[in-house]
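So the structure is just underneath, and the comments pick up after that.
Bear in mind these aren't lab numbers, they're just calculated from the coordinates by the rules spelled out. Predicted model, so just to flag it, every value in this text is computed and none were measured. Here the Cβ is made from the backbone with ideal geometry for all residues, glycine too, and neighbour counts use every protein chain on show.
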Amino acid sequence: MILQALTRYYDILVADPDSDVAPPGYTKTGVSFALDISLVGKLQAIIPLYDLVIRGKKTVEAPQRMVVPEQVKRSVNILPNFLCDNSAYALGLSGKEAKDADYASKRFEAFRKWNIELLAKADCDEARAVIAFLLAYDPHDGAQNPLIAEKLVEIQAGGNLVFRVDGQVVHKNGKIQQVWEAYKAKGSEYVGQCLVTGEKAPIARLHPSLKGIREANATGATLVGFNAPAYESYNRIKGQGLNSPVSEKAAFAYTTTLNYLLSAENESKKFVIGDTTVVYWAESKQKAYANAFMSLFEPEVEESAPEANEETAARDKKAENDLKEVAQKVQHVKALDIQGMLDQLDGTTRFFILGLAPNAARISVRFFHSDPFEKIVQRLMAHYDDLQIEREYDNQPRYISLRRIVDETIPKKAKEAKAPPLLIGAMFRSILNNAPYPAALYSAMISRIRADHEINYTRAAVIKAFLIRKYRNQSQISIQEVLSMPLNEQATTPAYLLGRLFAVLEKAQKDAAAPAKLNATIRDRYFTSACATPASVFPVLLRLAQHHISKAEYGYYNDQRIEAIMKRLDIENNPFPAHLTLDEQGIFMLGYYHQRADFYAAKNGASEAKTIETENQVD
């Protein structure tokens, strides 16, 4: 399913002149230098091919992206590329000669033999010039060449080099391209049925590497591949990719598509949450689908500045401009006109979301989801609706991103700020399937609150949303009444009332100490015990509260609040519970958060005395 979807999208990208993806038999990669040679094969200049790009707030030099003949996949073996390679192959120069005196010379000899063999079939001056250079060049004297010596450090840094004759890049010559494409058309010696297209075609033994995945191998990682007999199916033809037969054409298509989606050239930028790199696309050439999805899924993220070498083609269609304006409104968290957005997009268009994580030299699929675009939008909005809760401050986001949620599960003092790897994939699946959130998220959030003694806006929203989804299809009326956006003063759930009571007791302590600032409040000392074993803590806190109330200038307000909540608790008939379950602890924390947020919420001109009157109204 993943490979089929990526292969289909490759056909869309190839037909789109703005995507600039590599055609079959070629790849797009960074090139650092061009070796400018004369028609007789003499090196005339080494030309830097760096572009200025904006990364964050800095402008840096980066190798120029160029379409070159498809490159081979190497590990420790010696395999040359055609007319584009690093300095060890193209010039026989490398910093690794200290360990192996023949390291670079072996690679140059392989490069020379392979390129001369192919170039000899091209009847053109450019091919003959490169052949002459390769025959005359001696890698042992290369570092002494003044042109090379001037840039030796930069050349050996690992960037790719190409050849240029008379100002033209050699591999772009039409006759040379014909030779290369004829070689690629021969394909693998193994022919079988492709599991992607269903056609009989040459099967790829090795699939091209993928680059751009956070923390993956810098030289590229593999999505499909087998490197030992233990991973191969019984009685299959042995040999790496042959165990999972994908044609060379399909392997090229899906890897080219993924590399494009992971690259900076893709207008719809990838994003990273934890160790998971997420790419997304619609089965359409319109970029508005991806822009709208990114704006909805990461509403707090500002659009990154484009790279200096990117040229965004002007859209001459008015509809395309309108769709971008919709995406920008969503991006800046303005009023979300979801229906208006869907009216301008075809909601039945298939949309795909793929999460990839590093695994040594391989890539793990964290999740893959496909649905009509309209359904994905609806489920994202259902996720945000479940998270809606009273904000503590006006500058807090109305739509809490998954990144912010995941960050709240990480201990503040952790040496490595990483969330549990499997949690991120589970969260994506829950959101996109409109299913209950993973229990691991709830447990992690409760643990962080108990450890930090802090329940903030995001943590409270997650607890509320988790319980809503868990009990959505159950007739738990007592649970549903406390899962509201603002404070529910009429709720009778004991755990919720205890949370409210704890917030009032804490306020009474702070009011008594004002204007001085307390070194530690009852929350710092008693919160964990109060939400787990209320019976052992609340009698002590209620006695302390009387002392705090007597010291505060307006202590009677808090006294009235305590009295109103105690009436609802009805302690005489329902004593403080000895223990609270994990769900009840979450409800306790919600009650605490709601009550505390209510203290500081704007009352729309109502006086505090009026608020107290309302709180004293008990059914």
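Numbers for the structure displayed
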read-out: Ranked packing of 464-471, 244-251, 453-460, most packed first, by mean Cβ within 10 Å; value: 244-251, 464-471, 453-460
read-out: Beta bridges by DSSP in the chain, antiparallel share as percent, to the nearest 5; value: 85 percent
read-out: For peptides 253-262, 578-587, 173-182, sequence by mean Cβ density within 10 Å, most packed first; value: 253-262, 578-587, 173-182
read-out: Charged-residue dipole, Cβ positions (Lys, Arg, Asp, Glu), region 25-186 about Cα centre, Debye nearest 20; value: 640 debye
read-out: 39 Å tail of the calculated P(r), the chain, as % of Cα pairs; value: 47 percent
read-out: Size of electric dipole in the chain: Cβ of Lys, Arg +1 and of Asp, Glu -1, about Cα centre, debye, nearest 20; value: 1280 debye
read-out: Ranked by how many other beta carbons lie within 10 Å on average, peptides 508-520, 356-368 from highest; value: 356-368, 508-520
read-out: Listed residue (GLY25, LEU93, GLN178) projecting farthest to the positive dipole end of the chain, Cβ model; value: LEU93
read-out: Shape category assigned to region 397-498 from the gyration tensor of Cα positions, a/c cut at 1.5; value: oblate
read-out: Per-residue ³J(HN,Hα) for region 348-357, Karplus 6.51 cos²θ - 1.76 cosθ + 1.60, θ = phi - 60°, Hz, x for Gly and Pro; value: 8, 4, 6, 10, 10, 9, 10, x, 10, 10
read-out: Cβ-based net charge around LYS172, under 15 Å, with every Lys or Arg adding one and every Asp or Glu removing one; value: -3
